[in-house]
Amino acid sequence: MAENELEKRFAVVYSKFKLHFYQETFVRFQNREASLTTVEAFAMEAIYALGSPTVKEFAEFMRVSSSNAAYKIASLVRKGYVEKVQSEEDGREYHLMPTQKYLDYYNISSDYMRTVMGRLRERLTPDQLDGLSDLLKMMSDLMTEVALPGEGEGAEGDE
């Protein structure tokens, strides 16, 4: 396969996941005021993926000032998408926890991912599925710029 063809195929798959999410989000919110701005949606995706980061961890990950992060977080709290939970270890710190309202929003994309993965399980042999799993793990390992909590030896999904 030509080198450029691989990139094109990956870009198509990535775009289809994004576009499906946008379609479903638009359909669900067309009859009411959009409750999350684009930047807030990105912020919530990061908070969810980081697994209840502190405000400081969120600001550092997003490469924004603490005051900018605090402003965004305050808006997300007001809108009911995130709550600040006081740290048991250090009472001065607060962890950002997505609310059920956000989880319902997030499930738009995760449901479709499960649908596509189910279709792959029906079509591929167990050996092909193992190969795909290994390939996805390798891709994740090569994405060194973004580390998620729980990654590494013995992490969930690291079988």
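The values are calculated or read from the model by the stated rules, or taken from the named source; none is laboratory data. What you are looking at is a predicted structure, and each value in this text was computed from that prediction instead of being measured. Reconstructed Cβ throughout: ideal geometry from the backbone, glycine too, with neighbour counts over all protein chains shown. Surface accessibility is based on the protein's heavy atoms, side chains included, excluding ligands, DNA and RNA. Shrake-Rupley method; radii C 1.70, N 1.55, O 1.52, S 1.80 Å.
What's the ranking of 36-48, 115-127, 84-96 by average number of surrounding C-beta atoms within 10 Å, highest first?
Working: 36-48: 16.9, 115-127: 10.2, 84-96: 12.8.
Going by the mean number of other Cβ atoms within 10 Å, highest first, we get 36-48, 84-96, 115-127.
Considering only protein heavy atoms and a probe of 1.4 Å, how much of the accessible area of segment 75-159 is carbon and sulfur, as a whole percent?
On the way: 3390 of 6530 Å².
Carbon with sulfur: 52 percent of the solvent-accessible area.
Separation between the Asp141 and Met117 pseudo-spin-labels, each 7 Å from Cα along Cα→Cβ, expressed in nm?
The answer from the label model is 2.0 nm.
So, R0 is 35 Å and r is the distance between the beta-carbons of Leu103 and Ala2; what FRET efficiency does that work out to, to 0.05? Before the final figure, lay out each step's value.
On the way: r = 41 Å, r/R0 = 1.18.
In this case the efficiency is close to 0.25.
Students often forget the sequence filter, so: which lysines lie under 18 Å Cα-Cα from Lys8 once same-chain residues fewer than 8 apart are removed?
Once the sequence-local lysines are set aside, what remains near Lys8 is Lys16, Lys18.
Where only protein heavy atoms count, and the probe is 1.4 Å, what is the accessible area per residue for the chain in Å²? Display every interim value, and only then the final one.
On the way: 11940 Å² over 159 residues.
The answer is 75 Å² per residue.
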